[in-house]
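See below for the structure under consideration.
A short reminder: the numbers here are calculations on the coordinates, not readings from a lab. On a predicted model such as this, the values are computed, not experimentally measured, just so you know. As a convention, Cβ positions derive from the backbone with ideal geometry for all residues, glycine included, and neighbour counts pool all protein chains shown.
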Amino acid sequence: MPKWVKFLTLLVPALMVILSVFMARETWDFQNGSLPTQAVVTTVRFEHGSTTGSDGFSEDTVTYYPTFQFKSATGQEYITESSQPASGFVPEVGDVIPVHYYVENPYWVRPVFSWWTLWAGPMIFAGIGSFFLIVLSVIFRLIERADARRRGPVQTQTVRRF
């Protein structure tokens, strides 16, 4: 198997692992630079879209972007849209939701229901990328061994020196 095929095949999972490192760093910075508070959902922006599955059927999708109103630790009131779409729940106006806001930029707000809601993205990317890197590396190694066995032992020639 040509080396460029191996390289291109391993590139996607390697990029996923690298991306997960950047995502983890961003999450770490957010977690260490943010404060928890309770926020009230004031409005919800809907984005409608559609996806087509492998079976050819189209499925409508809706993404929810809640706008939060909350007070910072200094008592200042902020109204801002979530920096991430709501996933796992459909926010309704008037809901009180636990959020973290970034101290240096209080307009950067994320709903945080658990440790998982912060770290799911980096963990999933790292897990899938690592899994495919390991599996593909093993497969490529097995292919190389099979090719070597098929070729047989390496023939060496004796060189005579005069």
*Taking every pair of Cα atoms in the chain, average 1/r, invert it to obtain the Kirkwood radius, and report Rg/Rh to two decimals.*
1.27
_Along the charge dipole of the stretch 1-144, pointing to its positive end and built from +1/-1 on Cβ of Lys, Arg, Asp and Glu, which listed residue (Ala120, Tyr65, Phe22) has its Cα farthest out?_
Phe22
*Per DSSP H run of at least 4 residues, take -39500 (n - 2.57); add these up for the chain, divide by its residues and hand me the 222 nm value, nearest 500 deg cm²/dmol.*
-15500 deg cm²/dmol
*Quick one: longest stretch of the chain between exposed loop trypsin sites (Lys or Arg not before Pro), exposed meaning at most 10 other C-beta atoms within 10 Å and loop per DSSP?*
1-159
*Mind listing the phi-derived Karplus ³J(HN,Hα) values for the stretch 81-86, rounded to whole Hz, using 6.51, -1.76 and 1.60 with θ = phi - 60°, and x for any glycine or proline?*
7, 4, 6, 9, x, 5
*Provide the gained length on full extension for the span Val17 to Lys71, in nm with one decimal, where the gain is 0.36 nm per separating residue minus the Cα-Cα distance.*
15.8 nm
_Under the rule that an exposed site lies in a DSSP loop and has at most 16 other Cβ atoms within 10 Å, name the longest stretch of the chain with no GluC sites (Glu not before Pro) of that kind, not counting the sites themselves._
1-91
*Exactly which chymotrypsin sites (Phe, Trp or Tyr not before Pro) in the stretch 38-125 are in a DSSP loop and have at most 10 other Cβ atoms within 10 Å?*
Phe57
*Which angle between 0 and 90 degrees, to the nearest 10, do you get for helix 115-151 versus the longest principal axis of the chain when only C-alpha atoms count?*
10 degrees
*Where is the GNM fluctuation largest for the chain (alpha-carbon springs, 10 angstrom cutoff): Ser72, Ser82, Ser114?*
Ser114
*asked:* Through the Karplus equation 6.51 cos²θ - 1.76 cosθ + 1.60, θ set to phi - 60°, convert the phi angles of the stretch 31-40 into ³J(HN,Hα) values in whole Hz; use x for Gly and Pro.
replied: 5, 7, x, 10, 10, x, 7, 9, 10, 9
_Cα gyration tensor, the stretch 1-57 - rounded (a/c under 1.5), prolate or oblate_ = oblate
*Cβ-placed point charges (K, R +1; D, E -1), dipole of the chain about Cα centre in debye, nearest 20*: 1840 debye
*When averaged across all projection directions, what area in nm² does the alpha-carbon convex hull of the stretch 26-65 cover?*
5.0 nm²
*Which distance in nm do the two modelled labels at Ala146 and Ala120 give, with both placed 7 Å along the Cα-to-Cβ direction?*
3.8 nm
*Which residue fluctuates the most in the chain, going by a Gaussian network model with Cα springs under 10 Å, if the choices are Leu11, Leu142, Leu118?*
Leu142
